[in-house]
Structures are given as structure tokens and as C-alpha cells.
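The values are calculated or read from the model by the stated rules, or taken from the named source; none is laboratory data. Owing to the predicted nature of the structure, the values given are computational and were not obtained by experimental measurement. Using ideal geometry, Cβ is built from the backbone for each residue, glycine included, and neighbour counts are taken over all protein chains shown. Ligands, DNA and RNA are stripped out before the accessible areas are found, and what is left, the full protein with its side chains, is counted by its heavy atoms. Shrake-Rupley method; radii C 1.70, N 1.55, O 1.52, S 1.80 Å.
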Amino acid sequence: MSIFNIIRSQIDRKKYLRDYFIVYTLLFSITCIIIFFTFIINGKSFIWIEDGLYQHYPALVYFGVWVRGIIKNIIFKHSLTIPMWSFNLGYGSDIVTTLNYYAIGDPLNLLTIIVPSKYTEYLYNFLVILRMYLAGIAFSSYCFYKKKGKMATLAGSFSYVFCGYTIYTAVRHPFFLNPFIYLPFLLIGVERIFEKKKPRMFICMVFLSLVSNFYLFYMLVLAVCFYVLIR
């Protein structure tokens, strides 16, 4: 194959993927509006009165304040001071181990650093939709890696993103959606290992999955092991 054919094939592939993700984004937006229409017309947020209000939302706010405090110390006091203990967590608790379950390690939660605490509710709602969107992108990436067609990939992605579990858990435990983002990339990493390619993607995704949430990581381990046995 000549260099011109290679360039042409790369351009055609980029256009193929661009068209797909434009359609996916439009359909995803429409579907979200339909599903969450009752929240919109009633002016309700996704912060569930139980765990959302008393755990997930305060953890996101606290994480933003904590990191901004560290950054301020570096900029204004020229001191790398990382608070490791807080008496505002229960009767007093280790910050890193407590927030690891809720916020620390999840790259998406880093957005809270640039969002003032009074606007964190809007960020919380946005992250719910963003996680669902990225889960579909991740599943689509896996399908395209396996050379599936656009229609099959689109149908599979929407079944993956808008299944009963994701819709139910999205507004109760938003970070429970993270495994839906990580799993397809872990499986791509597995496929690359089967193909005798470098395992960098698998290693990176294992690391990201672990630091994001240890509780959900072991579930991903079971899913990946089951996939490997089947393959």
C-alpha cells in the first residue's frame, strides 16, 4: 500500500468516526432529555436525599475545598502542605482513605477544583451526565476495536448506557458509573495482550481503576477475569 493510500484510509477512518460520534452525541442528548425530563420540569437535581445529600455531594464539595487549600498553600505560602486528618469527617478521620471511596482518584472529580463550592450542585449534575456519555464512548471504542459496524455499535452503546442499572444508579451513586467507563478500555487492553502488543493500555487502566475506587476495582477484576476465561 502506497503512502497516499495510507493517508487516504486514515482520513476516511477519521471521517467515519467523526460522523459516528456526532450522531451518538445528538441521540444521547435527546435520550437524556426524555429520560430526565421530570427532573428538568420540576427543577430537581440528581442529589438523592439519602446517600447523595449526606455522602456523595458533601464529599465532592470537601474534595474541592481540600485541593484548593493545597494549591493556595503552594502559590501564596510556597509550602507543600497536605492536610491528612480532619475532625470534620465523623468524629475525626483520615482524609485520603475516607475520600478515596468518594472522590480522590477519580479524574472527573478534579473539575471541582475550578468550581466554587456554591456551584458544586451544578457540577454534580453535570458529572452524572458526563459519566454516562463517556461510558457510551468507551463502549463504542471497544466495538470499533473489534471492527463492529456503526449501527451495531450505536445500538450496543445505547443498550449499555441506558440499561436499567445505569439509569437507577446514576442519580443515587454517580461514581458507580465509573466502572462502565473503565471496563471497555480494560477489555481493549486485554485484547491487545492477546494480540502480543504492548500492555501499556491495560496497565494504565488497571492503575486508574484502582486509584479511583478500591471497592469497584475488585468487581472490575472479576469481570475482566471472566472475559479472559471466555476469550
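The single condition among (1) modelled with pLDDT under 90; (2) touching a Gly at 6+ places or on another chain (Cβ under 7 Å) that residue 169 does not satisfy is (2).
Scan the range 161-176 residue by residue and report those that are assigned to a helix (DSSP H, G or I) and either within 14 Å of residue 28 (Cβ to Cβ) or without any contact (Cβ under 8 Å) to a residue 12 or more places away in the chain (or both).
161, 164, 165, 166, 167, 168, 169, 170
The set of residues in the range 211-227 being open to solvent by less than 80 Å² (accessible area, probe 1.4 Å) and part of a helix (DSSP H, G or I) consists of 211, 212, 216, 217, 219, 220, 221, 223, 224, 225, 227.
Residues are listed down the side, and each one gets a yes or a no for (1) assigned to a helix (DSSP H, G or I); (2) under 15 Å from the mean Cα position of the chain (by Cα); (3) without any contact (Cβ under 8 Å) to a residue 60 or more places away in the chain:
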| site | (1), (2), (3) |
| --- | --- |
| 144 | yes, no, no |
| 159 | yes, no, yes |
| 191 | yes, no, yes |
| 204 | yes, yes, yes |
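Taking each residue of the range 100-112 that is in contact (Cβ under 8 Å) with a residue 12 or more places away in the chain and looking for partners that are open to solvent by less than 30 Å² (accessible area, probe 1.4 Å) and outside any helix (DSSP H, G or I) with beta-carbon atoms closer than 8 Å, six or more apart or interchain, yields 100/213; 101/213; 105/213; 106/213; 109/103; 112/103.
Scanning the range 86-108 for residues that are within 27 Å of the chain's Cα centre (by Cα) and farther than 26 Å from residue 204 by Cα returns 89, 93, 94.
In the range 20-137, counting only helices (runs of 4 or more DSSP H) that sit wholly within it, the ones holding 3 or more residues that are over 20 Å from residue 177 (Cα atoms) and either open to solvent by less than 30 Å² (accessible area, probe 1.4 Å) or touching a Lys or Arg at 6+ places or on another chain (Cβ under 7 Å) (or both) span 57-76.
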